[in-house]
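Undergrad: Handing you this structure, nothing more for now.
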Amino acid sequence: MTDERPSTGYHPEQVESKWRERWQQRGTNAPDLDRPATEPFYNLMMFPYPSAEGLHVGNMFAFTGGDVYGRYQRLRGKTVFEPMGYDAFGIHSENFAIKQGIHPGELIPRNIANFRRQFERIGGMFDWRHTVDTTDPAYYKWTQWLFLQLYKAGKAYKKQASVNWCPTDKTVLANEQVEGGVCERCGTPVEQRVLEQWFFRITEYAGRLLDSLDGLDWSDSTRNAQRNWIGRSEGAEVDFASPAGILRVYTTRPDTIFGATFMVLAPEHPFIDALTPPAQRTLVDAYRAEASKTDLVARRTGEKSKSGVFTGGFATNPATGKPIPVWIADYVLMEYGTGAIMAVPGHDDRDFAFATKFGLPIVRVIAAPGEEASAPLTEAHHGPGVLVNSGPFNGVGTDEARAKVTAWLAGKGAGEGKTLFRLHDWCISRQRYWGPPIPIIYCDACGPQPVPEKDLPVLLPVIEDFRPDDSGVSPLARHKEWYHAPCPKCGKPGRRETDVSDTFLDSAWYFLRYPSTEFTDRPFDRERTRRWLPVATYIGGNEHAVLHLLYSRFITMVLKELGHLDFEEPFTRFRAHGMIVKDGAKMSKSRGNVIIPDDYIDKWGADTFRMYLMFLGPLGDGGDFRDEGVSGPRRFLERMWLLVAEGGAPRPTEPVITPALISKWHRAKQRATEGMDALRYNTAIAALMELLNAVKDEGAHPRALVEEMIVMLAPFAPHFAEECWERLGHSTTVFDARWPAFDPALVVESTVEIVVQVNGKVRSKITIAREADEATVLAAALADAGTLKFLDGQTPKKKIYVPGRLVNLVV
């Protein structure tokens, strides 16, 4: 009979194209979302911005890491749904189109097509029947619907506010999009502007967003980032009487109120006019005008020199009953607390610097042990101590005093305990073109009116002059045919809202749409959503810890409250991936070290590339990409290819393998399983490489061992594994197999290798039962031919045994 076995030569370009076609034909990666599934597992990765021509290696590292986990869960018996889409609206995509000189409506679809090609080529287990593109009217119809749900529930509102304005991107930025006073996207220093903007009332959910974090299986760094951003603080609101009315302040240190020697208001505070006498009016107006031009971020962070002006007015300290001067300073913000603070220069650095600069009183009201109440302060005192110069509270410790002073003020009708949060309402307005129009029509007779849901989507018109300008008005206002629209309530002429919504609104709900993409009459099907949501595991970048993840949690909570969902936390488990560097340096176009995956896949194949990326280090850490390292995984696959050819060959009987190899087999399965569970894929790959070496050394490779190695390799090298599985005689996909189980009892080897030294030098090695006692080990060492050669007939004067490791014979 002619041997019809295929050649053992491994040609990845042939193998990979074959299996990509097979997967598509067979629907291998497309689970039936309506069929009751055993352990449905929604495996999600953060969808990319198509704001570049293609995906780079950092993207591929993240997406491959997520795909490996989904394939692993499938081998664990889960029904895995793994979709992919494109976050295609927003500044990133629009600016790329401007840079290329091509309309985004033309450029972005081309980019998406290329992204799809790369995703398919890398071997992702993506269900392409369920994909989303945020620029598709079939998608953003429901983004607009979502806005209307919040608007009708009173959770969306419009107001004038001081906002962050990026002069380069020419749009408003949310607080979370500003880092160190500059735009996170382009690095331009951010300016302050007062504009009318749309906001979502995320602050109403601050407590729930904070408290629910404890129950989430998330990376600690991500949870901590959200805790810090939400920023709960416990304190008191205190009332200071003034000629203009009650000035209410919020303080986390009510125990220091006896040291409040002046007050400071934000330049925008509404009481300033009433507090300012005519003699101070010119100075106050000039200061307020200058403050309106000040960088809002510098004011928020205190990264500017202290300035201020006295209003000429006074307020009464409710603790001392004394009048204290009221100043204006731009380090106080209307958006924090009440826009007014009680200044305690003896115990606050900013207040101390301000008082020192302007010659205002500094009073000590806290003393450390041994300090005198009258001792002068050369700097603000921060530590704990006891209250001094504080009337009835002298001698009370600071921790105890906070509650006591708050209760005392409440009894006087001058204050109450209060919890505040650092979180601010989410500004969703963007004065750009490339985004979903906000579905509101303004009518002179009826006021703002929501677009009826039956009229959604409000289509984004195709306009050639889409570039933003510095006016703060969206380019859509220049499109008169679109801008003018009848009022949906009275039918009279009206005007459309020309702002588009923030791209983070697009991505705040996309995971809900994936399972329901074929439904045109609802954003998400209730039964499908109940079956597949919340997301089982979400893998993405930690840079979105206080942006996308926070907003998604908020939107989910609102939809739950409004009766649209049965859960309020969208992501059961979140893990942040690390970053890839090139030869020790961060990748950037300016350095010329950006890695394009296509070049490496052309040369090495997708499976080799996948394995190398996952071998660089734990997924959460990232790694250093070096060209010379790619050949290692390729050599491993070549050796596995030959092993499969040998293991799949007909044989009369299966080879007998030693207990040592059985132990290494089970230990490799244990290490691979633990590595996969912890997203330490590098250790799982290392375990397979070590097992292959052991198999080659043993010279015996039973079919069961070979098959289990292929199954464990499948998440990393899916095309390769499918081909090997078929060559081993299987007609179904390898992903219908089950991840190998290990026997803990067999993980520990039954024998151990003992080093034998003569006079401290290694002369031989013996293999002996692990449980052998010292006498048995010494007898075996003395009977070993290699040992006897170096003893040369001499009887050892001393015998030293280190259990399980070595014997040293001294002659």
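The values are calculated or read from the model by the stated rules, or taken from the named source; none is laboratory data. Remember, it's a predicted structure, so these values are computed and weren't measured experimentally. Here the Cβ is made from the backbone with ideal geometry for all residues, glycine too, and neighbour counts use every protein chain on show. Accessible surface areas use protein heavy atoms only, side chains included; no ligands, DNA or RNA. Shrake-Rupley method; radii C 1.70, N 1.55, O 1.52, S 1.80 Å.
Undergrad: Just checking, how many residues over segment 41-78 are of a type outside the set (A, V, I, L, M, F, W, C), on the phi < 0 side of the Ramachandran plot, open to solvent by less than 20 Å² (accessible area, probe 1.4 Å) and assigned to a loop (DSSP other than H, G, I, E, B)?
TA: Count: 2.
Undergrad: From (1) within 21 Å of the chain's Cα centre (by Cα); (2) open to solvent by 50 Å² or more (accessible area, probe 1.4 Å); (3) farther than 30 Å from Arg553 by Cβ, pick out the condition that doesn't hold for Asp621.
TA: Unmet for Asp621, out of (1) within 21 Å of the chain's Cα centre (by Cα); (2) open to solvent by 50 Å² or more (accessible area, probe 1.4 Å); (3) farther than 30 Å from Arg553 by Cβ: (3).
Undergrad: Which residues, counting only those in segment 434-449, are open to solvent by less than 60 Å² (accessible area, probe 1.4 Å) and in contact with a strand residue (DSSP E or B) (Cβ under 7 Å, 6 or more places away or on another chain)? Lay out the reasoning, then the answer.
TA: Residues of segment 434-449 that are open to solvent by less than 60 Å² (accessible area, probe 1.4 Å), as a first pass: 434-443, 446-447, 449.
If the condition is that a residue be open to solvent by less than 60 Å² (accessible area, probe 1.4 Å) and in contact with a strand residue (DSSP E or B) (Cβ under 7 Å, 6 or more places away or on another chain), then Gly435, Pro436, Pro437, Ile438, Pro439, Ile440, Ile441, Tyr442, Cys443, Gln449 are the ones that fit.
Undergrad: May I pose another question? Restricting attention to segment 386-395, which residues are touching a residue at least 40 places away in the same chain (Cβ under 8 Å) and either at negative phi or open to solvent by 70 Å² or more (accessible area, probe 1.4 Å) (or both)?
TA: Taking segment 386-395 and keeping what is touching a residue at least 40 places away in the same chain (Cβ under 8 Å), we get 387, 389-391, 393.
Within segment 386-395, Leu387, Asn389, Ser390, Phe393 qualify.
Undergrad: Mind checking which residues of segment 536-562 are part of a helix (DSSP H, G or I), aromatic (Phe, Trp, Tyr) and touching a Leu at 6+ places or on another chain (Cβ under 7 Å)?
TA: Filtering segment 536-562 down to residues part of a helix (DSSP H, G or I) leaves 542-544, 548-561.
Next, only the ones that are aromatic (Phe, Trp, Tyr) stay: 551, 554.
Within segment 536-562, Phe554 is the sole residue that qualifies.
Undergrad: Only one residue in Arg467, Arg495 is in contact with a helix residue (DSSP H, G or I) (Cβ under 8 Å, 6 or more places away or on another chain), open to solvent by 20 Å² or more (accessible area, probe 1.4 Å) and within 19 Å of Ala97 (Cβ to Cβ). Which one?
TA: It is Arg467.
Undergrad: Only one of these conditions is not met by Val695: (1) modelled with pLDDT of 95 or more; (2) open to solvent by less than 50 Å² (accessible area, probe 1.4 Å); (3) at negative phi. Which number is it?
TA: Failing condition for Val695: (1).
Undergrad: Out of (1) outside any loop (DSSP other than H, G, I, E, B); (2) of a type outside the set (S, T, N, Q); (3) surrounded by fewer than 24 Cβ atoms within 10 Å (Cβ to Cβ), the odd one out for Pro270 is which?
TA: Just one mismatch for Pro270, condition (1).
Undergrad: Being open to solvent by 10 Å² or more (accessible area, probe 1.4 Å), over 21 Å from the mean Cα position of the chain (by Cα), at pLDDT 85 or above and polar (S, T, N, Q): is that true of Gln192 here? Step through it out loud before you land on a result.
TA: Numbers: open to solvent by 10 Å² or more (accessible area, probe 1.4 Å): yes; over 21 Å from the mean Cα position of the chain (by Cα): yes; at pLDDT 85 or above: no; polar (S, T, N, Q): yes.
The answer is no for Gln192.
Undergrad: Hey, which of the helices (runs of 4 or more DSSP H) in segment 611-702, taking only ones fully inside, have at least 2 residues that are under 27 Å from Met60 (Cβ atoms), out of contact with any His (no Cβ under 8 Å at 6 or more places or on another chain) and aromatic (Phe, Trp, Tyr)? Please lay out each step first, then the result.
TA: Numbers: elements: 631-647, 659-677, 681-698.
By residue number, 631-647.
Undergrad: Please count how many residues of segment 549-577 are open to solvent by 10 Å² or more (accessible area, probe 1.4 Å) and touching a Pro at 6+ places or on another chain (Cβ under 7 Å).
TA: 3
Undergrad: Has segment 788-795 got at least one residue that is open to solvent by less than 20 Å² (accessible area, probe 1.4 Å) and either more than 30 Å from Met611 (Cα to Cα) or in a strand (DSSP E or B) (or both)? If you could, list the steps in order and put the result at the bottom.
TA: The initial filter retains those residues of segment 788-795 that are open to solvent by less than 20 Å² (accessible area, probe 1.4 Å), namely 791.
Next cut, either more than 30 Å from Met611 (Cα to Cα) or in a strand (DSSP E or B) (or both) only: 791.
Checked against the condition, which is being open to solvent by less than 20 Å² (accessible area, probe 1.4 Å) and either more than 30 Å from Met611 (Cα to Cα) or in a strand (DSSP E or B) (or both), segment 788-795 yields at least one hit.
Undergrad: Between a residue in segment 488-502 that is under 21 Å from Lys141 (Cβ atoms) and any residue that is assigned to a strand (DSSP E or B) and among the basic types (Lys, Arg), which pairs come within a Cβ distance under 8 Å, given they are 6 or more apart or on different chains?
TA: Cβ pairs passing all conditions: Asp499/Arg430; Val500/Arg430; Ser501/Arg430; Asp502/Arg430.
Undergrad: If you don't mind, there's one more thing I want to ask. In segment 405-417, what residues are in contact with an Asp or Glu (Cβ under 8 Å, 6 or more places away or on another chain) and either β-branched (Val, Ile, Thr) or open to solvent by 80 Å² or more (accessible area, probe 1.4 Å) (or both)?
TA: Answer for segment 405-417, where residues must be in contact with an Asp or Glu (Cβ under 8 Å, 6 or more places away or on another chain) and either β-branched (Val, Ile, Thr) or open to solvent by 80 Å² or more (accessible area, probe 1.4 Å) (or both): Val405, Thr406, Glu416.
Undergrad: How many residues are polar (S, T, N, Q), at pLDDT below 95 and either in contact with a Pro (Cβ under 7 Å, 6 or more places away or on another chain) or assigned to a helix (DSSP H, G or I) (or both) when one looks only at segment 423-459? Walk me through how you get there before you give the answer.
TA: Step one: of segment 423-459, the residues polar (S, T, N, Q) are 429, 431, 449.
Checking the rest, the ones that are also at pLDDT below 95 come to 429, 431.
Filter once more, so that each one left must be either in contact with a Pro (Cβ under 7 Å, 6 or more places away or on another chain) or assigned to a helix (DSSP H, G or I) (or both): 431.
The total comes to 1.
Undergrad: Separate question: Please specify each residue of segment 349-385 satisfying the condition of being touching a residue at least 40 places away in the same chain (Cβ under 8 Å) and open to solvent by 30 Å² or more (accessible area, probe 1.4 Å).
TA: Correct list: Arg350, Ala353, Lys357, Phe358, Pro361, Ile362, Val363.
Undergrad: Still on this structure, please answer the following. Restricting attention to segment 210-219, does a residue exist that is under 20 Å from Leu559 (Cα atoms), assigned to a loop (DSSP other than H, G, I, E, B), among the charged types (D, E, K, R) and open to solvent by 70 Å² or more (accessible area, probe 1.4 Å)? Break it down into steps so the answer makes sense when it comes.
TA: Step one: of segment 210-219, the residues under 20 Å from Leu559 (Cα atoms) are 210-213, 215-216.
Retained after the next criterion (residues that are assigned to a loop (DSSP other than H, G, I, E, B)): 216.
Still in the list and also among the charged types (D, E, K, R): none.
For segment 210-219, residues under 20 Å from Leu559 (Cα atoms), assigned to a loop (DSSP other than H, G, I, E, B), among the charged types (D, E, K, R) and open to solvent by 70 Å² or more (accessible area, probe 1.4 Å): absent.
Undergrad: If you don't mind, another one. Going through segment 80-117 one residue at a time, which ones are farther than 23 Å from Ile463 by Cβ and surrounded by 21 or more Cβ atoms within 10 Å (Cβ to Cβ)? Walk me through it before giving the result.
TA: Residues of segment 80-117 farther than 23 Å from Ile463 by Cβ: 80-85, 113-117.
Val80, Phe81, Glu82, Pro83, Met84, Gly85, Phe115, listed by residue number.
Undergrad: So, in segment 491-535, of the ones that are in a strand (DSSP E or B) and under 23 Å from the mean Cα position of the chain (by Cα), which residue ends up farthest from Leu459 (Cα to Cα)?
TA: Going residue by residue through segment 491-535, those that are in a strand (DSSP E or B) are 493-496, 500-501, 535.
Then keep just the ones that are under 23 Å from the mean Cα position of the chain (by Cα); that gives 501, 535.
Values: Ser501: 13, Val535: 30 Å.
The selected residue is Val535.
Undergrad: Turning to a different aspect of this structure: So Leu420 passes all but one of these: (1) over 23 Å from Tyr151 (Cα atoms); (2) in a loop (DSSP other than H, G, I, E, B). Which condition number does it fail?
TA: It fails just one condition, (2).
Undergrad: Only one of these conditions is not met by Ala704: (1) modelled with pLDDT under 95; (2) open to solvent by 60 Å² or more (accessible area, probe 1.4 Å); (3) among the small types (Gly, Ala, Ser). Which number is it?
TA: Looking at each condition in turn, Ala704 falls short on (2).
Condition check ((1) assigned to a loop (DSSP other than H, G, I, E, B); (2) within 30 Å of Val473 (Cβ to Cβ); (3) open to solvent by less than 20 Å² (accessible area, probe 1.4 Å); (4) in contact (Cβ under 8 Å) with a residue 40 or more places away in the chain) across all residues:
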residue	(1), (2), (3), (4)
Trp165	no, yes, yes, yes
Asp169	yes, yes, yes, yes
Gly187	yes, yes, no, no
Arg223	no, no, no, no
Gln226	no, no, yes, yes
Gly235	no, no, yes, yes
Arg248	no, no, no, yes
Thr256	no, no, yes, yes
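Undergrad: Ok, one more. Considering only segment 133-143, state which residues are surrounded by fewer than 23 Cβ atoms within 10 Å (Cβ to Cβ) and either within 23 Å of the chain's Cα centre (by Cα) or of a type in the set (Asp, Glu) (or both).
TA: Of everything in segment 133-143, those that are surrounded by fewer than 23 Cβ atoms within 10 Å (Cβ to Cβ) and either within 23 Å of the chain's Cα centre (by Cα) or of a type in the set (Asp, Glu) (or both) turn out to be Asp133, Asp136.
Undergrad: Starting from residues that are among the acidic types (Asp, Glu) and surrounded by fewer than 16 Cβ atoms within 10 Å (Cβ to Cβ), keep the ones in segment 752-787 and report whichever is modelled with the highest pLDDT.
TA: Going through segment 752-787, the residues among the acidic types (Asp, Glu) turn out to be 753, 771, 773-774, 784.
Applying the additional criterion that residues be surrounded by fewer than 16 Cβ atoms within 10 Å (Cβ to Cβ) yields 753, 771, 773-774.
Values: Glu753: 83, Glu771: 74, Asp773: 86, Glu774: 90.
So the residue we want is Glu774.
Undergrad: Now a separate question. Any idea which residue in segment 306-347 is surrounded by the most Cβ atoms within 10 Å (Cβ to Cβ), counting only those that are without any contact (Cβ under 8 Å) to a residue 60 or more places away in the chain and charged (D, E, K, R)?
TA: Checking each candidate, the answer is Lys306.
Undergrad: Moving on. Looking only at segment 529-545, which residues are closer than 18 Å to Arg129 by Cβ and buried (at least 20 other Cβ atoms within 10 Å of the Cβ)? Give the derivation first.
TA: Here is the first cut: in segment 529-545, the ones closer than 18 Å to Arg129 by Cβ are 529, 531-533.
The answer is Thr529, Trp532, Leu533.
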